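Novice: Submitted below is the structure of interest, expressed as structure tokens.
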Amino acid sequence: MKRFVDLADLGRDEVLSLLELARRLEKQPEPHALAGKQLGLLFFNPSLRTLASFQAAMARLGGSSFVINPGQGSWQLETRPDVVMDGAAAEHVREAIPVLASYCDALGIRIFAEGRDLEHDLAEGTFNAMAALTDKPLINLESAVNHPCQALADWKTLDDLAVPRAARFVLSWAYHPRALPLAVPAAALHMAALRGMEVIVLRPDGYALPAPLMERARRAAAASGGSVRETSARDEALEGAQVLYVKEWGATACYGDAAADARLRSALTDWCVREDWFAAAPECRVMHCLPVRRNTAIAAAVLDGPRSVVQREAYNRLPAQMAVLHRLLRP
Ligand code: CP
């Protein structure tokens, strides 16, 4: 494995092999496996889990890491091609990425969707342009429509909890005061489909996931013995569900139009997950990648109750990423 940028780039067997490695490293630490290796972490957007767990993972394997947050203690970086750089950015990624890559053995990049043009974000143009600037092992720390590290940790969480392969996995939209990117729902959708689950995307009108993402997930599901469909009927979707994966995302019907999105979502504040959602799904677990707004996306009683596995998901970022680093740097 040379890069870890999209779970869809890996076959199902390769994902299962990574998960096996994650479980091995969890039980049998290898504190010198990456001795002398350096990981560069370039974060254009904030992070708690991804940043801390990658630094911890690298340290636990005997390596080191450095972090760059452009514009916060380092130069602001320009990502747009062919612009006159007379604004705040002092340096272009065309120089900065090769420089950073020359200091490390693997590079991770986080850059969220611009949220203006759906086609542009679906094409991952900004992330891919930066990825093309280095031959070093590369890790997607969350791009416009992908978060493979979260997806790998979530798959491990499902395995840890012995959730059956064919179980009903409901990926539900939840309320947030503003439009959030599609990266996590897209990654969770693909992960559950590739795992072979019965995947239902539950979302209000206007929030359908883009057709190319749904089609790609359907192909993965077909190859893995699962299925993918979508609905806005909450009771029907949740009946017998074993997993409710909660995520907030922006309206795709008016992508890039913040005012129209705000009007649409203002009537959807009841999409806050409460205990009464689970009347027909008593065993259902609740997943969320975090960060989450309490009593906005998920009721505090659900987050603090026995259904919630959000802490396990967050913990699993550590062994999952140790496996990714081990596979990239010590193949
Ligand atoms: N889930 C996740 O990626 O968390 P952070 O944004 O805090 O890294």
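The values are calculated or read from the model by the stated rules, or taken from the named source; none is laboratory data. Computed from a predicted structure; not experimentally measured. Please note: Cβ atoms are built from the backbone with ideal geometry, for glycine as well, and neighbour counts cover all protein chains shown. When the accessible area is computed, the model is the full protein with side chains, heavy atoms only, and any ligands, DNA or RNA have been set aside. Shrake-Rupley method; radii C 1.70, N 1.55, O 1.52, S 1.80 Å.
Novice: If you average the alpha carbon positions of region 137-185 and of region 212-268, how far apart do those two centres end up, in angstrom?
Specialist: So the separation of the two Cα centres works out to 12 Å.
Novice: Please state the relative contact order of the chain as a whole percent: Cα pairs under 8 Å, 6+ residues apart?
Specialist: It comes to 21 percent, rounded to a whole number.
Novice: Follow-up. What is the dipole size for the chain, taken about its Cα centre, with +1 at each Lys and Arg Cβ and -1 at each Asp and Glu Cβ, in debye to the nearest 20?
Specialist: 840
Novice: Pairs of lysines 8 or more apart, or on different chains, with alpha carbons under 16 Å: count those in the chain, would you?
Specialist: Close lysine pairs found across the chain: 4.
Novice: From the backbone phi of region 36-52, what are the Karplus-calculated ³J(HN,Hα) couplings (6.51 cos²θ - 1.76 cosθ + 1.60, θ = phi - 60°) in whole Hz, Gly and Pro given as x?
Specialist: Ordered by residue, 3J(HN,Hα) equals x, 8, 10, 10, x, 10, 10, 10, 7, 9, x, 7, 10, 5, 4, 5, 5 Hz.
Novice: Please list the non-local residues whose amide H lies under 5 Å from the amide H of Arg285, H modeled 1.01 Å from N, same-chain partners needing a gap of 5 or more.
Specialist: Amide H to amide H, under 5 Å and 5 or more residues apart or across chains, Arg285 pairs with Val243, Leu244.
Novice: Rounded to whole Hz and in sequence order, give me ³J(HN,Hα) for region 136-146 from the Karplus expression 6.51 cos²θ - 1.76 cosθ + 1.60, θ = phi - 60°, writing x for Gly and Pro.
Specialist: 5, x, 10, 10, 7, 8, 2, 10, 4, 10, 8
Novice: Now a separate question. Output the peptides 186-195, 168-177 sorted from most to least packed, where packing is the average of other Cβ atoms within 10 Å over each peptide's residues.
Specialist: 186-195, 168-177
Novice: Now, a different point. Once both labels are modelled 7 Å past Cα along the beta-carbon direction, what's the Arg94-Asp13 spacing in nm?
Specialist: My value for the distance between the label points is 4.2 nm.
Novice: Right, next: Quick one: compute a quarter of the convex hull surface over the Cα atoms of region 162-308 and quote it in nm².
Specialist: If I average the Cα hull's projected area over directions, I get 7.9 nm².
Novice: For Ala300 and Ser266 in the same chain, what is the full-extension length gain: residue separation times 0.36 nm, less their Cα-Cα distance, in nm?
Specialist: 10.2 nm
Novice: Counting helices only, and only those DSSP H runs with n ≥ 4, report the 222 nm mean residue ellipticity of the chain as the sum of -39,500 (n - 2.57) divided by its residues, in deg cm²/dmol to the nearest 500.
Specialist: Estimated from H runs of four or more residues: -11500 deg cm²/dmol.
Novice: Ok, one more. What accessible area, in Å² to the nearest ten, does a 1.4 Å probe give for Trp277?
Specialist: Per-residue accessible area (Trp277): approximately 20 Å².
Novice: Using per-residue counts of other Cβ atoms within 10 Å, averaged over each peptide, order 139-151, 48-60 from highest down.
Specialist: 139-151, 48-60
Novice: Whose amide H sits under 5 Å from the amide H of Leu171, counting only residues 5 or more places off or on another chain, with H placed in the peptide plane?
Specialist: Ile200, Val201, Leu202, Tyr245
Novice: Which whole-number percent gives the relative contact order of region 6-110, counting Cα pairs below 8 Å spaced six or more residues apart?
Specialist: Relative contact order comes out at 31 percent.
Novice: Still on this structure: Enumerate the amide H contacts of His92 below 5 Å, restricted to partners 5 or more residues apart or on another chain; note that Pro and chain-start residues carry no placed amide H.
Specialist: Glu78
Novice: Right, something else. Alpha carbons only, please: Rg and Dmax for the chain, in angstrom.
Specialist: Both quantities, over Cα of the chain: 19.6, 58 Å.
Novice: Apply the Karplus parameterisation 6.51 cos²θ - 1.76 cosθ + 1.60, with θ equal to phi minus 60°, to every residue of region 178-184 and state each ³J(HN,Hα) to the nearest whole Hz, in sequence, with x for glycine and proline.
Specialist: Ordered by residue, 3J(HN,Hα) equals 9, 5, 10, x, 8, 4, 5 Hz.
Novice: Let me ask you something else. Report the one residue of Pro148, Ala129, Pro164 whose Cα lies farthest in the direction of the positive end of the charge dipole of region 119-248 (charges on C-beta: Lys and Arg +1, Asp and Glu -1; origin at the Cα centre).
Specialist: It is Pro164.
Novice: Follow-up. Let me have the relative contact order for region 57-190, percent, based on Cα pairs under 8 Å that are six or more residues apart.
Specialist: So the answer I get is 19 percent.
Novice: Output needed for region 169-231: three equivalent-ellipsoid semi-axes, defined as square roots of 5 times the C-alpha gyration tensor eigenvalues, in descending order, whole Å.
Specialist: Working through the eigenvalues yields semi-axes of 21, 11, 10 Å.
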